[in-house]
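Have a look at the structure below, then the notes.
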Amino acid sequence: MARSPPRSISCRAALLGMTVLIGTFLLAVTSPSVAAAGPSLSILAPANDQVIGNGTPVILSFAVANFVLVQPGRVGQVANTGEGHVDLYVDGAYSRLLIRVEPVSLPLGSGPHTIRLQLVQDNGTPLSPDVSASVRIVASHGPAAGTPTLTIVSPRPGPTIAHDVYFAVEVTNFTLVDSYGQPNAPREGHVQLFLNAVLNQEPRAYDLGFIVDMPDGNNTVTARLVNNDNTPLSPDVSASVTIRIQGAADPIGSEQVTGGVSLILALILVVLLLRRRKAIARLSPERPARP
């Protein structure tokens, strides 16, 4: 028959087990990893420094945890540190409040922008410590990606008699906009036309260029893509065409030639008349007298 262990050993084992259980419980309670997490706020989209192209609005997506979004100003509302709303700021200026976790559409002008979200209590007081998130983006009317190109499609190189010439260009991966002092934006700007290396004009977006009174001889016209502030793209994007203006004949010289020809014709006419008179004079004495 087996012997039962001494009673003192059983008691010590039970005491040791109880001590381990209590220690584990206390560690779990005091451990930061399992302590109740505070409110959090994160921006899911767009990514930081993302280019939002083609003039489309920014679609902002965010997430909120351990915080309840409620409509402020409710009747009988009592301040609660665990609830409130989200304040939205664009470039440091207040934009709107958000009470739902859903995508937000933000139409923004060309250039860089900073979007910031902040959790606040029902009365608009920021949480302590502050809970916020921000993202930087660049808005553009141009495409979000791609290498810009420029081609002069008219006129073709060669001779012409016209001194006033239209110019047409074709661009890819670049959007032409009228410049009114807006910030620079990727793949967005306008065209400058240079006549013999001198700036001649900046046509309006997608309008034809028209250079007048071009001098006789060879003329080189260069079209260049520039940013909204008139600085060239980097690397430079440009194209050139050389046309030869063949001027019309000198009107003064033409008049002189015409006058000379008229004089010669007049002299010939006079000579012919004189010869005719001489011939008549010779024939007159030879006519028989009438009876």
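The values are calculated or read from the model by the stated rules, or taken from the named source; none is laboratory data. Here the structure is a predicted model, which is why all the values come from computation and not from measurement. Every residue, glycine among them, receives a Cβ derived from its backbone with ideal geometry; neighbour counts consider all protein chains shown. Heavy atoms of the whole protein, side chains included, go into the accessibility calculation; ligands, DNA and RNA do not. Shrake-Rupley method; radii C 1.70, N 1.55, O 1.52, S 1.80 Å.
For first residues located in the stretch 118-130 and in a loop (DSSP other than H, G, I, E, B), partners that are open to solvent by 40 Å² or more (accessible area, probe 1.4 Å) and of a type in the set (S, T, N, Q) and lie 6+ apart or on another chain with Cβ distances below 6 Å form the pairs ASP122/GLN77. Filter the stretch 93-140 for residues that are under 23 Å from the mean Cα position of the chain (by Cα), among the β-branched types (Val, Ile, Thr) and open to solvent by 20 Å² or more (accessible area, probe 1.4 Å) and give the result. Listed by number, the residues that qualify are THR114, VAL138.
Of the set (1) open to solvent by 40 Å² or more (accessible area, probe 1.4 Å); (2) touching a residue at least 40 places away in the same chain (Cβ under 8 Å), all apply to ASN173 but (2).
Per-residue answers, yes or no, for (1) in a strand (DSSP E or B); (2) farther than 28 Å from LEU108 by Cα; (3) β-branched (Val, Ile, Thr); (4) within 13 Å of the chain's Cα centre (by Cα):
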| site | (1), (2), (3), (4) |
| --- | --- |
| ARG156 | no, yes, no, no |
| ALA168 | yes, yes, no, no |
| LEU193 | yes, yes, no, no |
| ASN200 | yes, yes, no, no |
| ARG204 | no, no, no, no |
| MET214 | no, yes, no, no |
| ASN228 | no, no, no, yes |
| SER234 | no, no, no, no |
| ARG244 | yes, yes, no, no |
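Just one of the numbered conditions (1) at pLDDT 95 or above; (2) not in a strand (DSSP E or B) is not true of ALA63: (2). Condition check for ASP87 on (1) of a type outside the set (Phe, Trp, Tyr); (2) buried (at least 18 other Cβ atoms within 10 Å of the Cβ); (3) at pLDDT below 95: one failure, at (3).
Can you pull out every residue in the stretch 209-247 that is free of Cβ contacts under 8 Å to residues at least 40 places away in the same chain and out of contact with any strand residue (DSSP E or B) (no Cβ under 9 Å at 6 or more places or on another chain)? Across the stretch 209-247, the qualifying residues are SER234, PRO235. Number of residues in the stretch 179-203 that are loosely packed, with under 15 Cβ neighbours inside 10 Å and at pLDDT below 95: the value is 2.
The residues of the stretch 187-229 that are hydroxyl-bearing (Ser, Thr, Tyr) and within 23 Å of GLY55 (Cα to Cα) amount to a single one, TYR206. Beta carbons closer than 8 Å, at least 6 apart along the sequence or on distinct chains, pair a first residue in the stretch 93-112 that is in contact (Cβ under 8 Å) with a residue 60 or more places away in the chain with a second that is of a type in the set (Asp, Glu) for SER110/GLU188. Each residue in the stretch 141-153 was checked for being loosely packed, with under 13 Cβ neighbours inside 10 Å and among the hydrophobic types (A, V, I, L, M, F, W, C), and 2 pass.
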